[in-house]
Structures are given as C-alpha cells and as structure tokens.
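These notes are about the structure you will find just below.
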Amino acid sequence: MTGLLVAMVLSLASPLDPAREAYQSGELAQARAELEAVLYPLRLDDDGLEAEAHLLLAATYHAQEDPSRAENEVVLGLAASRDATLDPLVYPPDFIAFVERVRTVHGERIAALAAARRRPILVPPVLASPGAVPERPAAPAVATVSRGWYLVPFGVGHFQHGKHAKGTVLAVSQGAFFALSAASLGGALALRGDDGLYSAGDAGKARGLNVSYLAGAYAFAALYAYGVLDGFLSSPEGAGERAR
C-alpha cells in the first residue's frame with residue numbers, strides 16, 4: 001500500500017518542481033541547470049509546462065542580470081502558451097513588469113512563433129478498395145449513316161459515306177445526262193403545234209430532240225442504277241459509321 005501511495009505522489013509531481021523550489025530558495029545556478037536540462041533538448045510534452053519552464057528560466061536569467069537571455073525565454077514561453085500567467089507569490093513584481101513589456105514589444109514575433117508551432121491536421125487520403133476496377137473512359141459516340149442515301153441520285157449516298165471521288169463522278173455524269181434529257185424534252189414539246197403535231201419543217205428537228213431526250217434519260221437511269229448497286233454492294237450493313 002505504501003509503495004502504491006508513493007507511486008501516485010510521484011506521478012502527480014511536476015517535472016519542474018525541483019527547478020521551482022531551487023528558484024524560490026535563491027539557488028539560481030541549480031534552477032538554471034534544471035531548467036536548461038528539460039528545455040534543451042525539450043523533454044516536456046505539454047505546452048503549459050513548456051511555457052512555465054521558459055518563464056521560470058527567464059526569471060532565473062533576469063535575477064542573474066542577463067536581460068537578453070531572459071527576454072528570449074519570455075518570447076519562447078509566451079509563444080508556447082500566450083495565455084500564460086505569472087503567480088505574484090512566486091515571481092517578483094519587477095520580473096512580472098518585464099514580462100508584460102516583452103509581451104507588448106515582441107507581440108508580432110510571439111504570434112509568428114505561436115503560429116509556427118501549430119501542426120496542420122492532415123486528412124488521410126481515401127484509398128480505393130483492392131478489388132476496385134478503374135472505369136474506362138466512355139467510347140466516343142458514333143452516328144451510323146443509312147444506306148438509304150444511295151437511293152438519292154447525283155452521288156448523294158457516296159458523299160454521305162465518305163466516297164467523294166465516286167460521288168463527284170456520279171453527280172457530274174448524272175447531272176449532265178439529266179440536263180440533256182430535260183432540255184431535249186423541253187425543246188421537242190416546244191416544237192409541237194396547237195394540235196399536238198409537228199409541222200413538216202420541224203419534224204426532223206423534233207425527231208432528233210426526242211432521240212436525245214430518250215438517250216439522256218436511259219443514260220441517267222443506267223448511271224442511277226449503277227450508283228445504287230455500287231453503294232449497296234460496297235457498303236455492307238453496319239458500314240459507314242463515322243465519329244460524331
């Protein structure tokens with residue numbers, strides 16, 4: 001039981017108690033040694049204790065008439081805990097006034113050191129599950145060109161399916177024969193009289209125009225049939241897809 005009580009008392013004891021007692025007893029060298037041992041390197045894991053240690057060491061330097069070191073320790077102590085207060089029963093009034101002066105003069109430096117002490121909170125990255133399969137990018141949309149375009153004359157179907165050379169040939173040739181046939185028919189009809197018959201002088205000319213009309217019509221029909229067959233035979237179902 002006695003050992004348990006001793007352990008509890010030791011656990012509640014502050015690591016700064018020896019230095020505090022030495023300072024209050026006037027043993028400044030011992031207090032300085034105790035405080036420097038726990039601050040350099042730092043052996044305290046609590047900001048409040050660290051601030052108290054720096055201020056107590058500053059008070060020791062101040063009592064030893066070393067104001068530059070005392071001022072630096074005050075800055076470090078206030079940066080560790082800006083709300084740190086001094087017990088007037090422990091520290092003399094001149095040192096308390098010294099601390100307040102340093103707090104005012106070096107306010108920006110204290111704030112900068114306090115901000116540098118704050119550690120950023122890192123958010124752990126979200127890891128994908130081991131069995132997750134990365135999604136593939138969607139395939140580009142395609143538009144299928146209908147083979148029904150081959151039923152349109154003048155090479156329209158070939159142009160729609162990207163066969164520009166054949167489309168140009170069919171457009172020119174079909175257009176020429178269509179124009180010849182239409183012009184011949186128009187001329188032959190214009191030579192007819194009111195009774196629908198040709199005069200003796202226009203009969204030969206009308207005969208030639210009719211022949212030209214029929215020849216152009218047959219040639220146009222042949223080229224149209226060729227274009228349709230060529231398109232359907234050279235473009236099986238499903239061909240002619242082009243990216244949108």
query = Along each of its three principal axes, how wide is the spread of alpha-carbon positions in region 36-110, in whole angstrom units, largest first?
reply = 29, 27, 24
task = With label points built 7 Å along Cα→Cβ from the Cα atoms of Ala97 and Ser14, find their separation and express it in nm.
result = 2.5
remark   = Going from the fewest other Cβ atoms within 10 Å to the most, one would list Val74, Val228 as Val228, Val74
request  = Translational diffusion coefficient, Stokes-Einstein: compute it for region 142-243 using the Kirkwood radius over C-alpha pairs as Rh, at 20 °C and 1.002 mPa s, and state it as an integer in µm² s⁻¹.
outcome  = 140
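Sorting Glu52, Glu108 on the 10 Å Cβ count, fewest up front, what's the list?
Details: Glu52 24, Glu108 8.
Ranking Glu52, Glu108 by Cβ neighbours within 10 Å, fewest first, gives Glu108, Glu52.
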query = With each label point set 7 Å from Cα along the Cα-Cβ vector, what nm distance links Tyr40 and Ala111?
reply = 2.9
query = What list of ³J(HN,Hα) values in whole Hz, one per residue of region 70-76 in order, does the Karplus curve 6.51 cos²θ - 1.76 cosθ + 1.60 (θ = phi - 60°) give from phi, with Gly and Pro shown as x?
reply = 4, 4, 5, 5, 5, 4, 5
query = Order of His164, His62 from fewest to most other C-beta atoms within 10 Å?
reply = His164, His62
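Quick note: the coordinates plus some simple rules give every number you see, no bench work behind them. Quantities reported herein were computed from a predicted structural model and do not represent experimental measurements. All Cβ positions, even for glycine, are placed from backbone atoms using ideal geometry, and neighbour counts span all protein chains on display.
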